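Q: So that we are looking at the same thing, I have put the structure below in structure tokens.
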Amino acid sequence: MKRMNWKSAGMTFLVAVGVASFAAIAGYLTLEPYFERKVMEASALHIEERANRQSALFADVLAIEYATGRGFTSRLAAMEGVDVSAEFNWLFPEFGDGTRRSRPELFDGYRTADGDYVYGVGAFISDVDVAPERQRQLIAAYHTVRQHGEANSGHFDNLNFVTPNNDLIIFAPGREDRLEFYRRDAPADFDFQSEELAQIVSPFNNPIAVTRCTRLSRLLYVRDGVALTTGCHFPMRQNGRHIGAFGVTISMQNYLANAIVDAEPNSENMILTRDGDIVAHRDLLFQDVLTPNLVAEAGQSAGAATLTEAIRRDGRVSGVTLTDDGRVLAFARIETPGWYFVITRPVWLVHSRASGVSAMIFLFSFLGIFTQAIVLSFYRWLKRRRRNSSAASGGLARV
């Protein structure tokens, strides 16, 4: 009898395991698409909210550069036909090497005859002999950079104007180097036309003259070491001719770092250019020396090429998709620079949630079936015992 009981218990156990396993597998297959959809929906809402936050900074860039451009245009129009050579020669005296540089007091600070206070300005003018029209453009740019740079210093700590002639005027009073490269140390043949900041505003690359931003790169005068800035530049055209661009540089140490650090558990935030270059990534944070090689390594570590290919294949401005290497990719375009804010999550998040629920289905199914079998066996045992007791009682009565 005991063998039969153990045999019955074993069969019950196997049946319970089989039924519970079937229920768990069916539950997993049913729930996996549900959890995948839920993860994607949550990612879509989160990426939209995050992209709006990142776009706010570049909305400020766009507004400031638009206002700066209008101010420059008004000043330049007011100078039409005016001889500004005396002011030009005073602001940008000959440096002795075939170039002109800004006066030291433009950065150090001085008070003008009308009581205005000027500070934080540095300039490099690539020629000694400057035509009157170009003088007017540079004087208008100087006053625009100085006044708009100071007015918007609560948003950005710099504002610059660059020209196709390798002229540069910048307001950046907080720079530790005191802008000495432009004001004193730059060689006479200093040429930045091959740099990305000049390329993105050229009529060939930017025919409709809209604000464009560079990839993560070094400052113009830094040949080695840190590469912590991106520059956003707004082209200026006069009668269809490109005369220069206003721009600001944005430090990764503040804005971009905050965008990356503030990531949810089991997710990774990053910013990519439309070409797949890394602009911001966790591997680039808190580096004492950040080189182009480190930026390239971060892009490889993040699988930037795979993410960019998935975004191109998707074709939307924002959305959520699955990558070929097993990640849930949420992306949204940041319009002004044309970058993408990206959040990735591993696909195992979907599997783990479905597996967790399936495990619970298995456990409760198994316990339910096994408990039911035990109760039923106990009931049968009680019934059989009563029947045996009744039979025994009946035998005694006949005796």
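The values are calculated or read from the model by the stated rules, or taken from the named source; none is laboratory data. Please read all numbers here as calculations on a predicted model, not as lab measurements. Cβ coordinates were reconstructed from backbone atoms using ideal geometry, including for glycine residues, and neighbour counts include every protein chain displayed. When the accessible area is computed, the model is the full protein with side chains, heavy atoms only, and any ligands, DNA or RNA have been set aside. Shrake-Rupley method; radii C 1.70, N 1.55, O 1.52, S 1.80 Å.
Q: Could you give the accessible area per residue of segment 125-210, probe 1.4 Å, as a whole number in Å²?
A: Accessible area per residue, segment 125-210: 44 Å².
Q: Using a basic spin-label model with each label point 7 Å from the Cα along Cα→Cβ, how many nm lie between A59 and R316?
A: 2.2 nm
Q: Sticking with this structure for a sec: Please find the FRET efficiency linking N266 to Y117, where r is the Cβ-Cβ separation and R0 is fixed at 56 Å, and quote it to the nearest 0.05.
A: Working: r = 52 Å, r/R0 = 0.94.
My answer for the efficiency is 0.60.
Q: Okay, moving on. When the Karplus curve 6.51 cos²θ - 1.76 cosθ + 1.60 is applied with θ = phi - 60°, which whole-Hz ³J(HN,Hα) does each residue of segment 336-346 get, with x for Gly and Pro?
A: 4, x, x, 8, 10, 8, 10, 10, 10, 9, x
Q: On to the next question. Give the residue from S202, A188, S102 lying farthest towards the positive end of the charge dipole for segment 102-223; charges sit on Cβ (+1 for Lys and Arg, -1 for Asp and Glu) and the dipole is referred to the Cα centre.
A: S202
Q: I've got another one for you. What does the C-alpha gyration tensor say about the overall shape of segment 119-189? Classify as rounded when a/c is under 1.5, otherwise prolate if a/b is larger than b/c, or oblate.
A: Note, shape of segment 119-189 comes out oblate.
Q: Calculate, in nm to one decimal, what R386 and N205 gain on full extension: separation in residues at 0.36 nm each, minus their alpha carbon distance.
A: On the way: separation 181, 0.36 × 181 = 65.16 nm, distance 9.63 nm.
Computed gain between R386 and N205 is 55.5 nm.
Q: Moving on to the next point. Applying 1/(1 + (r/R0)^6) with R0 = 51 Å to the Cβ-Cβ distance of R274 and R184, what FRET efficiency is obtained, to the nearest 0.05?
A: With a Förster radius of 51 Å, E is 0.85.
Q: Can you run phi through the Karplus equation (6.51, -1.76, 1.60; θ = phi - 60°) for segment 236-244 and list ³J(HN,Hα) in whole Hz, with x for Gly and Pro?
A: Karplus values, whole Hz, x for Gly and Pro: 10, 10, 10, 6, x, 9, 6, 10, x.
Q: While we're here: If the chain between D191 and A305 were fully stretched, how many nm would it gain, using 0.36 nm times the residue separation less the Cα-Cα distance?
A: 37.8 nm
Q: Run through segment 104-213 and list the GluC sites (Glu not before Pro) located in a DSSP loop whose Cβ has at most 15 other Cβ atoms within 10 Å.
A: Those satisfying the criteria are E176, E195.
Q: Let me ask something else. How large, in percent, is the carbon and sulfur part of the accessible surface of segment 68-211 at a probe radius of 1.4 Å? It would help to have the intermediate numbers written out before the result.
A: Details: 3280 of 6680 Å².
The nonpolar share, carbon plus sulfur, comes to 49 percent.
Q: Using θ = phi - 60° and the Karplus curve 6.51 cos²θ - 1.76 cosθ + 1.60, what whole-Hz ³J(HN,Hα) does each residue of segment 58-70 get, with Gly and Pro shown as x?
A: Each residue's phi maps through the Karplus curve to give 6, 5, 5, 4, 4, 5, 5, 5, 5, 5, 4, x, 5 Hz.
Q: Can you give the FRET efficiency to the nearest 0.05 for H155 and E133, using r as the Cβ-Cβ distance and R₀ = 41 Å?
A: It comes to 0.80.
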